[in-house]
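Note sheet for the following structure.
The values are calculated or read from the model by the stated rules, or taken from the named source; none is laboratory data. None of the values given here were measured: they were computed from a predicted structure. Positions of Cβ are generated from backbone atoms using ideal geometry, with glycine treated the same way; all protein chains shown enter the neighbour counts.
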Amino acid sequence: MRSDTYLSYEMLEDVMLLPLSKYRTIVERAEILRIGPLVEYAYHHYPDLPGCFQSRLDNPAVTLVLNAFERRGILDTSITARSVEFAKAPQTDEGVETPNWIAFCLRFVDAGIKAGLSKTFAQALVSTLEEMSGNLLEHSKKSSSGLVGYRWCRGEFEYVVVDAGIGVLRSLRQHPDYSFLTDSGEALETALSDGESCHGRDQHRGTGFNKLMFNIARRNSYLRFRSGDHSFSIDGTLPIPLKRIAPCAPFEGFLISVISKSKNVVKKPVDSRSHCPYPAH
């Protein structure tokens with residue numbers, strides 16, 4: 001399978017600046033293998049869900065996104081991972097103590113372990129999920145739009161956290177320390193630096209997040225952050241982690257996507273049967 005036949009971040013960056021009628025046709029023809037690009041495309045059209053999918057409503061992953069978005073989920077306290085799962089992010093501080101959210105986090109860890117990650121690493125990843133969900137509550141100004149999801153297959157674990165809130169640039173510019181920021185790319189890079197947060201500099205907030213992200217990247221992982229008209233990625237599947245900032249079509253809110261591969265995965269050509277294609281992004 002060629003890389004331009006499945007929905008990827010590269011495809012979105014290439015086509016989303018085209019007129020709607022042109023890029024929608026391209027996206028609708030693409031095979032959906034990973035949930036990160038699917039969710040980014042969905043939230044690019046956040047006010048138009050489910051209309052943005054049109055002919056893709058029979059796809060299981062699309063159905064799961066829409067069910068979570070429209071709160072069609074039911075009480076589920078099982079701890080056995082599903083192959084793909086989405087849920088609404090906690091809407092309040094108390095929401096993190098609900099049986100549904102606790103069980104979702106346990107299934108998240110189970111999915112990571114089944115994908116081939118160590119239990120310790122899977123537990124570290126769920127801690128980042130919880131931290132990112134907390135940041136969504138604190139910073140997005142639209143916590144009702146928050147969505148989380150994970151997907152696993154043998155050798156690969158993926159998760160995503162997204163909202164349709166004010167985005168990173170507007171969040172930082174609420175504080176005088178960042179009034180000079182005018183570019184979403186610079187805002188993303190700033191937000192992912194130690195000691196930087198919408199509470200201002202040197203407030204002992206945001207410390208350690210940059211180190212945490214690079215530690216994840218070095219564990220054979222690819223991370224993507226998306227807000228405004230830029231993306232910021234860290235590709236740790238390379239011998240030396242590579243940072244990249246790229247312009248994109250405007251996007252409301254904030255998206256974080258992580259793809260982690262187990263250490264025993266050998267890079268190989270894309271195979272549609274595995275649902276774990278390379279490249280990592």
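Note on the stretch 168-214: among residues that are β-branched (Val, Ile, Thr) and assigned to a loop (DSSP other than H, G, I, E, B), the one that is modelled with the highest pLDDT is Thr182.
Given the residues Leu117, Leu137, which is the only one that is crowded, with 16+ Cβ neighbours inside 10 Å and modelled with pLDDT under 95?
Leu137
Checked against (1) out of contact with any Leu (no Cβ under 8 Å at 6 or more places or on another chain); (2) part of a helix (DSSP H, G or I); (3) in contact (Cβ under 8 Å) with a residue 12 or more places away in the chain, Glu158 meets all criteria but (2). For the stretch 106-130, the candidate set comprises residues that are in contact (Cβ under 8 Å) with a residue 24 or more places away in the chain and within 29 Å of Leu169 (Cα to Cα); within that set, the residue that is farthest from the chain's Cα centre (by Cα) is Ala124. I want to confirm something. Restricting to the stretch 19-44 and keeping residues that are among the small types (Gly, Ala, Ser) and without any contact (Cβ under 8 Å) to a residue 60 or more places away in the chain, which single residue is surrounded by the fewest Cβ atoms within 10 Å (Cβ to Cβ)? That would be Ser21. For the stretch 8-42, the tally of residues that are in contact with a strand residue (DSSP E or B) (Cβ under 9 Å, 6 or more places away or on another chain) and either closer than 15 Å to Arg224 by Cα or small (Gly, Ala, Ser) (or both) stands at 12. Of the residues making up the stretch 88-123, those that are among the small types (Gly, Ala, Ser) and closer than 26 Å to Tyr43 by Cβ are Ala89, Gly95, Ala103, Ala111, Gly112, Ala115, Ala122.
Among the candidates Arg154, Arg107, the residue that is within 18 Å of Glu85 (Cβ to Cβ), in contact with an Asp or Glu (Cβ under 9 Å, 6 or more places away or on another chain) and not acidic (Asp, Glu) is uniquely Arg107.
Residues in the stretch 23-63 that are under 21 Å from Lys142 (Cα atoms) and at pLDDT 85 or above: Gly36, Leu38, Val39, Glu40, Tyr41, Ala42, Tyr43, His44, His45, Tyr46.
Out of everything in the stretch 71-84 that is farther than 16 Å from Lys142 by Cβ, of a type in the set (D, E, K, R) and modelled with pLDDT under 85, what residue ends up being surrounded by the fewest Cβ atoms within 10 Å (Cβ to Cβ)?
Here is the first cut: in the stretch 71-84, the residues farther than 16 Å from Lys142 by Cβ are 72-84.
Next, only the ones that are of a type in the set (D, E, K, R) stay: 72, 76, 82.
With the extra rule that they be modelled with pLDDT under 85, the set shrinks to 72, 76.
Working: Arg72: 10, Asp76: 14.
So, considering only residues that are farther than 16 Å from Lys142 by Cβ, of a type in the set (D, E, K, R) and modelled with pLDDT under 85, the one surrounded by the fewest Cβ atoms within 10 Å (Cβ to Cβ) is Arg72.
Of all the listed residues (Asp76, Asp58), the sole one being without any contact (Cβ under 8 Å) to a residue 12 or more places away in the chain and acidic (Asp, Glu) is Asp58.
Among (1) hydrophobic (A, V, I, L, M, F, W, C); (2) at pLDDT 95 or above; (3) surrounded by fewer than 13 Cβ atoms within 10 Å (Cβ to Cβ), where does Val266 come up short? (2) is the only condition that Val266 fails. Would you say Gly228 is modelled with pLDDT under 95 and farther than 27 Å from Gln91 by Cα? When the stated conditions are applied, Gly228 does not pass them.
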